[in-house]
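Worksheet: the structure to be examined is printed underneath.
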Amino acid sequence: MRNLILLAALLAPLPAAAHVVAAPNEAKSGSYSAIAFRVGHACAAGDATLSLRVEIPDAVASARPQPKTGWTIVIEKTDNADPAKRRTTSVSWTGRLTDDQFDDFAVLMKLPATPGDLVFPVVQTCEHGESQWTEVPDSQRPGEKLTRPAPVVHLTPATPATPADMPGMKP
């Protein structure tokens, strides 16, 4: 019985501990990857999320949001006379997500070729306030607890393709 209670506690959702997170939180550098920004709760209990704004780091070459039924999307881009050189700087979704639900807001991105961490500051606007998920870990204070951490995607080194990875090629 005790093991059953422990198992139930481990499987139970953590309502207040959840933040806006990137899923997956790891991708290959230089790849195209769909990253979802998961909203696990509203700004306060019983509050509804009305909008989510994700800032796209400068190193991301392109970013295209996935449409969501019932949500309006606004894509902000750099000002550039040449449309081919304009890049997405932020994506915002506006709609309604009640506090008893969660949702994913996905963006397909061309990730930078350099491995490392990409930080995506997010502002979640609710009926009664907002949560700014914008805190970035300080390398001078490893292990520091952040109250409103920004979602992070860790870019791993791209592995060169080998003949075994290519259909029709023999090693």
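When averaged across all projection directions, what area in nm² does the alpha-carbon convex hull of segment 114-159 cover?
4.4
Given segment 55-135 reduced to its alpha-carbon atoms as identical point scatterers, what log10 I(q)/I(0) does the Debye formula return at q = 0.19, 0.20, 0.24, 0.25 Å⁻¹?
Values returned for q = 0.19, 0.20, 0.24, 0.25 Å⁻¹ are -0.97, -1.05, -1.32, -1.37.
In whole Å, what three semi-axes, largest first, describe the equivalent ellipsoid of segment 28-171 built from its Cα gyration tensor (square root of 5 times each eigenvalue)?
After diagonalising the Cα gyration tensor, the semi-axes are 30, 20, 17 Å.
Between His154 and Arg86, what FRET efficiency comes out of the Förster formula 1/(1 + (r/R0)^6) with R0 = 30 Å and r the beta carbon distance, rounded to 0.05?
The formula returns an efficiency of 0.65 here.
For segment 80-124, which trypsin sites (Lys or Arg not before Pro) pass both filters: DSSP loop (anything but H, G, I, E, B) and at most 13 other C-beta atoms within 10 Å?
Arg86
Coordinate-derived values only; no laboratory data. Since the model is a prediction, treat every value here as computed from it, not as a measurement. All Cβ positions, even for glycine, are placed from backbone atoms using ideal geometry, and neighbour counts span all protein chains on display.
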